[in-house]
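Structure record follows, encoded as C-alpha cells.
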Amino acid sequence: MARDIDNTGFMGELKRMARTSGAVGGIAARLAGNRIGIKTDKVIHAEGLKSALGNLKGPLMKGAQLLSTIPGALPDEYAEELAHLQSNAPAMGWSFVRRRMTAELGSGWEKHFRSFSHEAVAAASLGQVHRARLVDGREVACKLQYPDMQGAVESDLRQFRAALGLYKHFETAIRQDDVYTELAERLREELDYRREATHLRLYGDILSNTPDVTIPAPIEEVSTGRLLTMDWVSGRGMKSVLAENPSQEERNAMARALFRAWYTPVYQYGVIHGDPHIGNFTVRPDFGLNVLDFGAIRVFTPRFVQGVIDLFTALRENNEELAFHAYSSWGFTDVSRETAQILNEWARFFYRPLMTDRECTMQESNDPAEAREVLDRVYTGLKRTGGIKLPREFVLMDRSAIGLGSAFLRLGARLNWHRMFEELIDGFDVDVLAQRQKDALTRAKVPPPLSTL
C-alpha cells in the first residue's frame, strides 16, 4: 500500500517536470532575451511563474518564496510576485487519507481514534492536516504527507538549481551556490516527520517558561515518518483576529509573544524556526500564540550567534573592525573592507528597530518603502565591488527576519524592541550557549543535520 502512495515512478515525475520546466524556461527566455536586447513582458512571465508554482503541491514553491526575500537573488518582477505566493492546490480527498493512514499505521488504523475528520482542516505544500480524537479522549491534529513527496523534492530541486544556474550567468552581485545547498538540505529534512516530532519536543522544552507561547506536543505512538500526530491547539487565524481591529494592548501582546517565540530559541539556544508565515501560528483567547509547523528548523553554531550579536554591537558603537569580524563569523568568506561597508548599510536598516530605545511601531523604524531603496543601493554597491557569496547560514536568518518584520507590520504593535532584545542577549556567553544547545538537542533527541550524516 505504501508503494502505491509514495512510488508513482517515472511517469509521475515526468508530468511534474512538464509543469515546472515551462515556468523555469520562462525565466531563461526572459533573461536571454534581455541579454541580446530583446525586451519581453516581465509581468506576464512573473505571473506565469507564480501561477505554475502556486498550483503545485511541493517544495519548488517554498524555494521560490525563500529566494524572493533575498535582495538581488531574483529579478525584481519575480521577487515581487513570489513574495505573495501561497499554495492554491486543494486538499487530497478521503481516498488518499485512508491509504496514507493504512500505509503508516496498518489496516486497523481506525482503532487508535474515536473520530477522524474526513475533510482536511489545513493544506500546505508538503502535507495536509486532519482533526481527530484519540481513544483516550485527547484531541489531536494529524499531518499527512502528500504522495511521492520525496520524488517531488528531487524533481523540484533539479528545476530550482537550473533556474539559479541560468540567473547567475546574468547577475553576479549575489552568488548562491550555498543557498541552494542549504535549501536542498532543509527541504529533504522536512520530509521526515520523525525529525519534525523532535523539533516539537525541542521547542516545547526551550519555551516551557514562556507562558504566552504554546507548542503542541507530538504523540509518538501514532506518528511515523510520513504521519505526524500532535496535540490539537485551539486558536484563531491572525487574519480573522486583525479583521476585528484589536486594541493596541492586544496587538502588543501578540507581537511580544511572536518576538519571544522566534528569538528566545535563536539567542539562547542557537535554533531558528525558518518559516514565520502568519499561517504558521494561531492566536489564543488571551492573545498569546500557538506556533505550528516545525519542519524548517535550523541549528546554528554558537559562533554564528556570537557574530549576529557582535554585528549589533558594532553598528551601535560604529566599530567597523568588529563589524568586519562579525561578517566572517556569519560565514561571509570573501568580504573586503569596502564590501563590509556596503553590507553595513543593509545591516543598519534591519537592526534599526533593535537599536531604537523607545516604544515605536515597526513601520516607524523599518519602513518597507525605505527598505527597497536601501536594498537597491546595497545591490548596486555589491555589483560594483564584484559581488558576494551568500553563506548558507544567512538563508533562514534572512527569511525569518523578513517574515517577522512583515508580521509585526501587520500587527501594528508599538513596543520597545530594543529593550526586548537586550533582555534576550543580557550576559550572553558563547560557551554557555554551546552547552545549553547541546543539552537541549540531546533531551529532544534531535538527529544531526543531513550534511553530517
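The values are calculated or read from the model by the stated rules, or taken from the named source; none is laboratory data. Since this is a predicted model, take the numbers as computed values, not measurements. Counting neighbours? That spans all protein chains shown, and the Cβs are built from the backbone with ideal geometry, glycine included. Side chains included, ligands, DNA and RNA excluded: accessible areas come from the protein's heavy atoms. Shrake-Rupley method; radii C 1.70, N 1.55, O 1.52, S 1.80 Å.
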- Message: With the requirement that a residue be hydrophobic (A, V, I, L, M, F, W, C) and either open to solvent by less than 20 Å² (accessible area, probe 1.4 Å) or in contact with a helix residue (DSSP H, G or I) (Cβ under 7 Å, 6 or more places away or on another chain) (or both), what does the range 224-247 give you?
- Response: 227, 228, 230, 238, 241, 242
- Note on the structure: When restricted to 221, 185, 250, the only residue modelled with pLDDT under 95 and open to solvent by 10 Å² or more (accessible area, probe 1.4 Å) is 185
- Query: open to solvent by 10 Å² or more (accessible area, probe 1.4 Å), at pLDDT 90 or above, out of contact with any strand residue (DSSP E or B) (no Cβ under 6 Å at 6 or more places or on another chain) and not in a loop (DSSP other than H, G, I, E, B) - does that describe any residue in the range 269-292?
  - Reply: yes
- Query: Within the range 203-211, is there a residue that is hydrophobic (A, V, I, L, M, F, W, C), touching a residue at least 24 places away in the same chain (Cβ under 8 Å), in a helix (DSSP H, G or I) and open to solvent by 20 Å² or more (accessible area, probe 1.4 Å)?
  - Reply: no
- Item | Extreme residue, nearest to residue 241 (Cα to Cα), among residues of the range 401-414 that are open to solvent by 30 Å² or more (accessible area, probe 1.4 Å) and either among the β-branched types (Val, Ile, Thr) or not in a helix (DSSP H, G or I) (or both) | 414
- Tally, over the range 133-151, of residues that are in contact (Cβ under 8 Å) with a residue 40 or more places away in the chain and either in contact with a Phe, Trp or Tyr (Cβ under 8 Å, 6 or more places away or on another chain) or not in a helix (DSSP H, G or I) (or both): 12
- Inter-residue pairs, beta-carbon under 8 Å, first of a type in the set (A, V, I, L, M) and in the range 226-253, second modelled with pLDDT under 95 and open to solvent by 80 Å² or more (accessible area, probe 1.4 Å), 6+ apart: 238/410; 242/410
- Message: Conditions first: (1) out of contact with any Phe, Trp or Tyr (no Cβ under 8 Å at 6 or more places or on another chain); (2) surrounded by 15 or more Cβ atoms within 10 Å (Cβ to Cβ). Residue 373 passes all but one, so which condition is the exception?
- Response: (2)
- Query: Can we say residue 157 is in contact with a strand residue (DSSP E or B) (Cβ under 6 Å, 6 or more places away or on another chain) and either at positive phi or open to solvent by less than 20 Å² (accessible area, probe 1.4 Å) (or both)?
  - Reply: no
- Restricting the search to the range 415-435, which residues are outside any helix (DSSP H, G or I) and over 14 Å from residue 357 (Cβ atoms)? 426, 427, 428, 429
- Scanning for something of a type in the set (S, T, N, Q), open to solvent by less than 20 Å² (accessible area, probe 1.4 Å) and not in a helix (DSSP H, G or I), does the range 309-318 turn up at least one residue? no
- Task: Under 7 Å between Cβ atoms, at least 6 apart or on separate chains: pull out the pairs that start in the range 304-330 with a residue that is of a type in the set (A, V, I, L, M) and end on any residue that is not in a helix (DSSP H, G or I).
- Result: 305/270; 309/428
- Residue selected from the range 386-399 under the condition part of a helix (DSSP H, G or I) and touching a Lys or Arg at 6+ places or on another chain (Cβ under 9 Å), by the criterion surrounded by the fewest Cβ atoms within 10 Å (Cβ to Cβ): 397
- Candidates 348, 358 - the one that is in a helix (DSSP H, G or I) and within 30 Å of residue 251 (Cα to Cα): 348
